[in-house]
Amino acid sequence: MSGLNTPGDPRPSPTINAGKLWAGGAATAAVAALIAIAGILLGRGLFDIEVLAPKGQGVWGDASTGWYALGAALAALAATGLIHVLILTTPRPMRFFGWVVALATVVAMLAPFVTEAALGVRMYTAGLNFVLGVAIGSLVAGTAKTSIVPVVPRQAPRPYPRPYR
């Protein structure tokens with residue numbers, strides 16, 4: 001797929017290697033899910049913090065552990081879709097992507113503080129959401145940068161010199 005270009009714009013739009021971008025997005029989704037699971041196990045097992053489910057559910061917790069990991073993976077795929085659209089449609093796509101990811105991470109960090117959970121639980125969950133946001137943002141941005149194929153402008157062919165007589 002090639003990017004959109006306005007008529008009269010002398011600069012050609014970059015193309016994107018969509019297969020490479022989405023393979024990186026899928027890998028990021030797997031990493032994000034594993035970060036979520038590891039963070040929950042660390043919180044529950046080592047620090048005895050009720051990250052998502054009540055402590056009575058055990059270190060592995062209940063289905064909410066799986067939902068949290070799935071949510072992290074879906075967030076990575078959503079970020080991949082966002083950067084794909086931004087690359088094709090906006091000037092400075094990486095700058096817009098950085099702002100969206102940063103603000104989404106801030107929202108995810110603030111979300112635990114609207115609950116009635118203990119302060120330690122809210123702080124730990126906010127920290128885990130911060131780590132997930134940084135991981136997803138940096139991995140997807142890095143993949144996107146390597147997936148952009150710059151277009152070299154075509155130059156008019158040089159005419160052959162006239163033979164000397």
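Read the figures in this text as sums done on the coordinates, not as results from a lab. Just so we're clear, the structure is a prediction, and the values are computed from it rather than from any experiment. Neighbour counts run over all protein chains shown; Cβ positions are idealised from the backbone, glycine included.
See the values below:
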| quantity | calculated |
| --- | --- |
| Largest-first principal axis extents, alpha carbons of the stretch 99-165, Å | 94, 15, 10 |
| Residue-span extension gain [Leu110 to Leu46] - 0.36 nm each, minus C-alpha spacing | 20.7 nm |
| Ala26 versus Phe130: modelled label distance in nm, points set 7 Å from Cα along the beta carbon direction | 3.3 |
